[in-house]
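The structure appears below as C-alpha cells.
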C-alpha cells in the first residue's frame, strides 16, 4: 500500500469540493424497467424543502467560484410535480446549473415551460428504436415507448436541446450502427451508452463475450466517425485518453483526487461516489451514508467522508487496481457500486462492468483505429 501523502501515482483521496451534486426529489418512478437498480421506485418518498435548503448552503458558494451542477435524479424526478420541484430548486443561486435525468413520459408543454424558466438541461432515457425498449414498461407491464417519444417530441417542438442515455443489454453485431443512426434522427446532441450493469435490485447477469463487446464499441466508433454530429460520451473520452497516451500526457487525464459525487437522498442522507448505493443497507456496511445534511453541513460531511468504513475500503481497492491493472489510467479504479453488487465488497478489483464499459471500450476504440489506419505513404 502506498504511503499517505504520495503524489498521483499513489493513493487517491476524495476531493473536498465536488463538481456536481445529485439530488433525489422523489423515490417514485412511474415506470418499472426490468434493469432498474432502484429499491423504492414504487413509493413516493419526497424530499422536504429543508433538505434542498441545507444543500444550497454549500452549493451556492461553490457555484460562485466556478461551474457547478445540481443533477435531479430519481426515481423519476418529474414525478415530484412541477410545484414541488420548483420549491426544491428555489434555494439554489443563479450560478447553479440544473440538470434532470428523466424517462420523458411526463414531458408536455407545461414541463417545457418549466425547463425554460429554470434553464434546466434535460437528459432522456431511451434505448433506441421501439423494438429495443422492451425492458422499459409501465407499472402495468405495458410498453412505455410511445409516451417516451411523445415527451421527446415536445422537447423538439419547443426547440429545447436534450441529451440521451441508452442501456444496452445484449451487445450484438449491427446494434451500434442501428443505435447511432436512431439517435441522429432523434435529434439529441449528446449520447451516453451504458452496458447493462448488475447492481441494486437488478440481479440479471451482465457477462458477455469479450469479442462481442469490443466489436460493439468498435462499430460504434465507425458509425460516429461517418457522421460525428452527436457528442458520443464514451467514445470521445476514449479518444482523448488515447491522444494523451500518444503525447505522453496521460498522467494528467484523471483528476488527482476522486470526485466525491455526493448523492443527496430524499431524506437528506449523503452517499458519496456511487448514487446506486442510495436506499440500500448491509449488515456489515450499514446504510452507506456518510451523514445527513439536516444535521451536519454538506461540506463537513464531504470533508470527513473518507473515514466512512466502506469508503476507506474502496480507496484501498482503487490502489489495488492502480498497482495491478494496465487500464487504470483510463478508468481510475472503477465505481464503488459495481464492486459491491458484483463482488460483495469494495476492495476487490476487476468487475464485469470494468470489462464491458472500460476495458472492452478502450480495446474497441483501438481495434477500430488499427483496422482503419491510413496506409503509409
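Taken together, the values in this text are just the output of simple stated rules run on the coordinates, not laboratory data. Keep in mind it's a predicted model, so treat the numbers as computed, not measured. When we count neighbours, we look across all protein chains shown, and the Cβ atoms used for this are built from the backbone with ideal geometry, even at glycine.
Based on DSSP, what percent of beta bridges with both residues in region 100-225 are antiparallel, to the nearest 5?
15
If you take the alpha carbon radius of gyration of region 231-289 and divide it by 2.2 N^0.38 Å, what ratio comes out, to two decimals?
Here the Cα radius of gyration is 1.63 times the empirical estimate.
Determine the relative contact order of the chain: mean sequence separation of Cα pairs under 8 Å and six or more apart, normalised by residue count, in whole percent. Working shown, then result.
Values: 686 pairs, mean separation 75.7, N = 377.
Relative contact order, the chain: 20 percent.
Kindly rank 117-125, 224-232, 352-360 from highest to lowest mean number of other beta carbons found within 10 Å of each residue.
On the way: 117-125: 18.0, 224-232: 14.8, 352-360: 22.6.
Highest to lowest by the protection proxy: 352-360, 117-125, 224-232.
Taking every pair of alpha-carbon atoms in region 51-103, give the share separated by more than 14 Å as a whole percent.
So the pairs more than 14 Å apart make up 53 percent of the total in region 51-103.
At q = 0.07 Å⁻¹, what log₁₀ I(q)/I(0) does a Debye calculation on the Cα points of the chain give, no solvent, two decimals?
Debye curve over Cα of the chain, log10 I(q)/I(0) at q = 0.07 Å⁻¹: -0.31.
Using per-residue counts of other Cβ atoms within 10 Å, averaged over each peptide, order 260-267, 285-292 from highest down.
Working: 260-267: 23.4, 285-292: 18.8.
Ranking the peptides 260-267, 285-292 by packing returns 260-267, 285-292.
Equivalent-ellipsoid semi-axes (√(5λ), Cα gyration tensor) for region 1-157, whole Å, largest first?
31, 21, 15
Under a plain spin-label model, where a point goes 7 Å from the Cα along Cα-to-Cβ, how far apart in nm are residue 233 and residue 316?
My value for the distance between the label points is 3.1 nm.
For region 277-321, just the Cα atoms, rotate onto the principal axes and tell me the three extents in Å, largest first.
Over region 277-321, Cα extents along the principal axes are 35, 23, 13 Å.
Report P(r) for region 238-334: all Cα-Cα distances, bin width 10 Å, range 0 to the bin holding the largest distance, values in whole percent.
All Cα pairs considered, the percentages come to 15, 39, 28, 16, 3.
So if I take the centroid of the Cα atoms in region 106-163 and the same for region 328-358, what is the distance between those two points in Å?
Answer, in whole Å: 31.
Could you give the alpha-carbon Rg of region 180-298 over 2.2 N^0.38 Å, rounded to two decimals?
1.40
Given 10 °C and 1.306 mPa s, how large is the Stokes-Einstein diffusion coefficient of region 160-241 in µm²/s, with Rh as the Kirkwood radius over Cα pairs?
On the way: Rh = 13.4 Å.
The diffusion coefficient I find is 118 µm²/s.
Write down the radius of gyration of region 304-377 and its Dmax, each obtained from C-alpha positions, in Å.
15.8, 58
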